[in-house]
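Below is one structure, written out as structure tokens; comments come after it.
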Ligand SMILES: [Zn+2]
């Protein structure tokens, strides 16, 4: 299988248009030797002929132009891109679909809801996109997440619920989210968190849900 990393930056790209941190500002000023990066997306293929795109970043037009294996070949119209798999409905994962004008010659998976909102869903029938059976899951399971110092996990006695406190506000967590984050202390891998929760709750198939939530937690900066 071939994997092409089309972009590896978070939403907004690097440098971020509105960020003057040491990394973003340093790159603009030339004080830092680093490469600008486009927003994250990868293309995968098993035969070099047919490619699957994982997420369609807002940079997709530029990413395709810069990637010869994804260029049209053969007849006047066509593309080796056969399908787009959307991990969720975040705008920096779907906005690139607008670059594929003249109609998708391809199938686009139905986007799931944003993972965070889905995580609040008490049921299992909210139509999320399949995650965690993907390539990303393997490396995610090996990571050892710990809470970001910006966020504090705290139990609210009054409402008997767990919340994430940060300088600008608060996120209320449901039980599943809090059970995962309680275990993000840097000592356990995501795989170990999965194993612990499956044992604690007597469920055998929590891996996809935990990976789904952890992807979101990393994306939001709750964990490092
Ligand atoms: Zn920055």
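None of the figures in this text is laboratory data; all of them are computed from the coordinates on show. Remember, it's a predicted structure, so these values are computed and weren't measured experimentally. Cβ atoms come from the backbone with ideal geometry, glycine included; neighbour counts cover every protein chain shown.
How big is the Rg/Rh ratio for the range 139-219, C-alpha atoms only, Rh by Kirkwood, two decimals?
A ratio of 0.97.
If each residue's Cβ is checked for other Cβ atoms within 10 Å, how do 206, 52, 32 rank with the fewest at the top?
Fewest to most other Cβ atoms nearby, the residues stand as 32, 52, 206.
Please give the contour-minus-distance gain from residue 155 to residue 187: 0.36 nm per residue of separation, less the Cα-Cα distance, rounded to one decimal in nm.
9.4 nm
Could you list 19, 184 in order of exposure, starting from the residue whose Cβ has the fewest other Cβ atoms within 10 Å?
Taking fewest neighbouring Cβ atoms as first place, the list is 19, 184.
Counting other beta carbons within 10 Å of each residue's own, what order do 147, 170, 1 fall into, fewest first?
Least to most surrounded, the residues fall as 1, 170, 147.
How high is the relative contact order of the range 2-111? Use alpha-carbon pairs under 8 Å, at least six apart in sequence, and give a whole percent.
Normalised by residue count, the contact order of the range 2-111 is 24 percent.
What whole-number value in cubic angstrom gives the convex hull volume per residue for the C-alpha atoms of the range 2-111?
Taking the convex hull of the Cα positions in the range 2-111, it is 111 Å³ per residue.
Would you mind getting me the FRET efficiency between residue 67 and residue 195? Use the beta-carbon distance for r and R0 = 35 Å, nearest 0.05.
The formula returns an efficiency of 0.35 here.
At a threshold of 8 angstrom on Cα-Cα distance, excluding pairs fewer than six apart, so keeping six or more, what relative contact order does the range 139-219 reach in percent?
30
Compute the semi-axes of the equivalent ellipsoid of the range 32-90, taking the square root of 5 times each eigenvalue of the Cα gyration tensor, and list them largest first in whole Å.
Gyration-tensor ellipsoid for the range 32-90: 22, 15, 11 Å.
Modelled label-to-label distance, residue 208 and residue 48, 7 Å Cα→beta-carbon offset: nm?
Result for the modelled spin labels: 3.4 nm.
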